[in-house]
Structure formats: C-alpha cells, structure tokens
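Inspection log for the structure reproduced underneath, given as structure tokens.
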There are 4 protein chains.
Amino acid sequence: MSIFSVDYKNRKPIWEQLTDNVTDLVLRGLLPLGEAMPSVRAMAAELGINPNTIQKAYVELERRGVIISIPGRGSFVTTDISALLTERLESAAAALSESARAAKEAGIERERAIKIIEDVWGE
Amino acid sequence: MSIFSVDYKNRKPIWEQLTDNVTDLVLRGLLPLGEAMPSVRAMAAELGINPNTIQKAYVELERRGVIISIPGRGSFVTTDISALLTERLESAAAALSESARAAKEAGIERERAIKIIEDVWGE
Amino acid sequence: MSIFSVDYKNRKPIWEQLTDNVTDLVLRGLLPLGEAMPSVRAMAAELGINPNTIQKAYVELERRGVIISIPGRGSFVTTDISALLTERLESAAAALSESARAAKEAGIERERAIKIIEDVWGE
Amino acid sequence: MSIFSVDYKNRKPIWEQLTDNVTDLVLRGLLPLGEAMPSVRAMAAELGINPNTIQKAYVELERRGVIISIPGRGSFVTTDISALLTERLESAAAALSESARAAKEAGIERERAIKIIEDVWGE
DNA sequence: GTGGTCTAGACCACG
DNA sequence: GTGGTCTAGACCACT
C-alpha cells in the first residue's frame, strides 16, 4: 500500500488529486525534504496511471514549489517549505474571510458564526 | 439593461451563473414571488445565449425550488421561499465550518480566526 | 500567412515558441485585447501541429495572464495587460543587471559598458 | 573538499556545470596553467558522478581550448589563456548589448539603464 | 462547436 | 535509467 493515492471515480482530475495529495504529504512532513520522488514511470506503474498524467502532476508540483524535477536525474522534494506554508496560511485566511462574508449574506448571526469558529478550534 | 446577467468571460458555466443569479434575485426580493419568468426563448434573446443553456438553467432552478414550470403556461417564481432561505442558511453555516477547519489545519490561530469573523460582521 | 508562427527546426519547444510569440503579439498590440483567440483545434490545423501541443501553449499563456480559456466557449486575449507590462519591465531590468555583473566580471570597463548602453538607446 | 563542484539539484546539465566551473577556475588563476587535470576516473570518483559525464565535460573543455588532452598522458590546463580571456570579454559585451536591447524594447528608460550599469560597477 | 483530461506510444538529451 | 516533448486518438461537460 502506497502513501500516494488517487480515486478514479472522483470527478477531480487525477493529476490534480495527485498534486494535492503530494503537497499535503510534504506539508505534513510525511515526505522527507530533499528526498527523491518516485520517477514518473515508477509512480505511473504504482498507481496504474498513464505516465503523461503523472508528468502533468509533477509539472504542477514543481510550479507550486513542492518538488524540483531535473531531466535525466529525477524529481526531488523541495528543501524549503517555508514559502509553501505561508502561502497556505494566507489562502486559508482569505477563504475563511470569503465564506464568512457569504454566511453573513445568508443571514447567519455574528454570535452563531463565532460559535462555529470556537467549536472548530475546540475540537 | 436586464436584471439578469451572465458574464461570458467568467469560468463558471453560464447555466450555473444564471441559476445562481436568479436564486439570488429571488432571495433578495428583487423578483416578486409568483411572478412569471421570461420564456426560455425570450431570456435567450435577451442575454444573447443559446436557448439550450437557458433551458438547462431553468431545469436546475425548478429542481432547487426557485421556480415552477407549468407546461404550456410558462415558468413562475415560487411563492414560498422559506425552504430556500433555511437551505441557504444551513449550507452557508456548513461552508463556514468547513473553511474554518481548513484554516485551523493550515495553522491559523483561534484569535486570528475570530478577528476575521468580527471584521466581516463589522463591515 | 498567419501572424502566428513556429519553427520546427528550432530547438525551443513548439509550445514555448507559440507562448512567446502570442505574448509578444499581445504586448505589441497586434492582438486586440478581449478578442477571441483561434480555437485550439483551429490553431492546430493552421500550424500543422498536434492539438495537445497547442493546448499546452494555451495553458501556459493563461498561467502568464495573457489569455483566458473557458471550456465550451473559447479562449480570449486578456483585457488588462498592465501586470504583463510591468512584469516584463522588471524582468528585463533584472536581466540587464545580471548581464552587467557578468560583463564586469569578464573585465569590461565601466566606460565601455556605458557606451554599449548609449549605443543601444541611440539606435 | 575539492575545488571542483557540481550541484546535483541544479537544472543545468552536470557536464555543463563542470565545464563552466573549470573554465572559471582557469580564468581566475585558481588552476595553474599547464598543470595536470585529474583523470576522468579520478574526477568521477571525487565528485561521485558517472565517468561518461566527466568525459563529456573534458571533451567540451578541450573544444573550448581550456584544457589539452594527450592520449596516454592525460589532460592538462592550457598554457595560453589570452584567447579565452578575449573570447569571454567579447561574448560578455555581446550579451550585455543584447539584454540592453531587450530592456529598451520592454520600455526601460535610458537613464534607468545607465543607473543599473553604474550601480553594478559601483558595487 | 469549445476547452480539458486521459491513454498509448514514440523520440530526445542527460546520466 | 531519468524528465520533457510531441503525436494520435478518445471521451467529457459546456454551448
């Protein structure tokens, strides 16, 4: 059983599932920084997916700064995730603000919103 | 200038833009309850959009309970929006809870989250 | 004869030649802002290139903010190139600074460097 | 710690990193003229790199006139670097001119370009 | 018709 | 062996 996973039945594109999956694994420290990633072909074989699809995921992962791919040598987990972490922090804050605005628009009371927040942080 | 609007350069499907637009207009009381909606063909001409796309939006609007289509008579705004309102309220609450969970996962502090909420309700 | 061009013999990837070509055309005002781009298939037929390759170029163009692609509707030149312009300005300044540093390292005199600059701006 | 260095995680081909590295060392006088270079196999062992890759770098270095390989004897640093120096000088001047042209095209003012030059020479 | 995803298989430079 | 490019052809939702 691999730590990488994709769900064929999911409507989200496979390449996107994989990029999200790998990004999450890196951010949670489950993929050691600087470590070699499985080769495109190896990952394709492991997941039973076409190499081109894996390639697309790897390109996106490199664009996000999660991995570095070097022709002829392989792909490696980035050694610096600080930018990744702050980026995720800020986008999460923006998303929270956005859904709060929608909630207010829908008629949710200030008190109920705060209660929702406290419930989540109290979990 | 129509009260209905779709943005051709927006990535959201046009039928979805229209359903959201109409739902919003109804919930905000800008479309009188029980009123007749423009016919599919009239709406298509008004917005310069393929009638099939309008048809798809109308089907979705009926499914959501925003309008009622009567064969041979036309489409009418629903006369009871209470279900619609509570539905929107609950889905907004769920969405808020969900993005709060993501924010917590991303490392946002409880205090910052509450501040975001208060900022929104204070706007 | 099309305004779009790629050179099969060039070592630069075709998709990259096309993205650079289109970016240049947009920045020089030869492609009207907001205008519809040729469809992926049309461009592929026009240039005698596989649609997947064109698709790759269009994805990159969208990432750069040069065009906007909308499924089912088509691709359109962006309506706002200000970000594009400032970005090009800054990257050109950085490149100039970089090659100046290399020139200094290679032993070029300050006076000769300034002469090179003045020659170029005097052309 | 060797004076030769390659970065396995750099995108530049390793053979090219090595040729640039050696050329630079020679031009800066850090590799005595006429001195014997490490054998291909020794260099490969020292850097932990495939001998084929080192071989490719050595061939390129000889083509550039940085080293001279004598079959059965080994490779030696060239004894005359004047051609190398002028070549580097001219190519740096050409590169500077080229990036100046690009900067002008991007809309950089003559004054800003000159300021960039002066900043670099003033460092 | 449109863009987007995916598969299958080929070729390249690099190692 | 590696990643990257390209072709050919299929299917999808949206218009």
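Quick note: the coordinates plus some simple rules give every number you see, no bench work behind them. Note that the coordinates shown come from a computational prediction; the quantities given were computed from them, not determined experimentally. Note: ideal-geometry Cβ built from the backbone for every residue, glycine included; neighbour counts use all protein chains shown.
Quick look at the values:
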{"item": "In segment A:72-87, the residues that are closer than 15 Å to residue A:28 by Cα and more than 10 Å from chain D (Cβ to nearest Cβ)", "result": "A:77, A:80, A:81, A:82, A:83, A:84, A:85, A:86, A:87"}
{"item": "Looking only at segment A:6-16, and only at residues there that are away from every other protein chain (no Cβ under 14 Å) and touching a residue at least 24 places away in the same chain (Cβ under 8 Å), the one that is farthest from DNA strand E (Cβ to nearest atom)", "result": "A:6"}
{"item": "Residues located in segment A:45-55, provided they are buried (at least 16 other Cβ atoms within 10 Å of the Cβ) and more than 9 Å from DNA strand F (Cβ to nearest atom)", "result": "A:47, A:49, A:53"}
{"item": "Checklist (1) more than 15 Å from DNA strand F (Cβ to nearest atom); (2) within 14 Å of chain A (Cβ to nearest Cβ) applied to residue B:39, failing item", "result": "(2)"}
{"item": "Single residue of C:92, C:42 found to be under 16 Å from the mean Cα position of the chain (by Cα) and closer than 27 Å to residue A:59 by Cα", "result": "C:92"}
{"item": "In segment D:88-118, residue surrounded by the most Cβ atoms within 10 Å (Cβ to Cβ) [restricted to those that are more than 18 Å from residue C:89 (Cα to Cα) and more than 7 Å from every other protein chain (Cβ to nearest Cβ)]", "result": "D:118"}
{"item": "Single residue of segment C:3-36 satisfying the filter (small (Gly, Ala, Ser) and more than 16 Å from DNA strand F (Cβ to nearest atom)) that is farthest from residue D:105 (Cα to Cα)", "result": "C:34"}
{"item": "Close pairs (7 angstrom Cβ cut-off, 6 or more residues apart or separate chains): facing another protein chain (nearest Cβ under 9 Å) in segment C:55-71, away from DNA strand F (no atom under 14 Å from the Cβ) anywhere", "result": "C:68/C:62; C:68/C:78; C:69/C:62"}
{"item": "Evaluation of residue A:53 against (1) within 29 Å of residue D:53 (Cβ to Cβ); (2) of a type in the set (Ser, Thr, Tyr); (3) near DNA strand E (Cβ under 8 Å from one of its atoms) (one fails), failing number", "result": "(1)"}
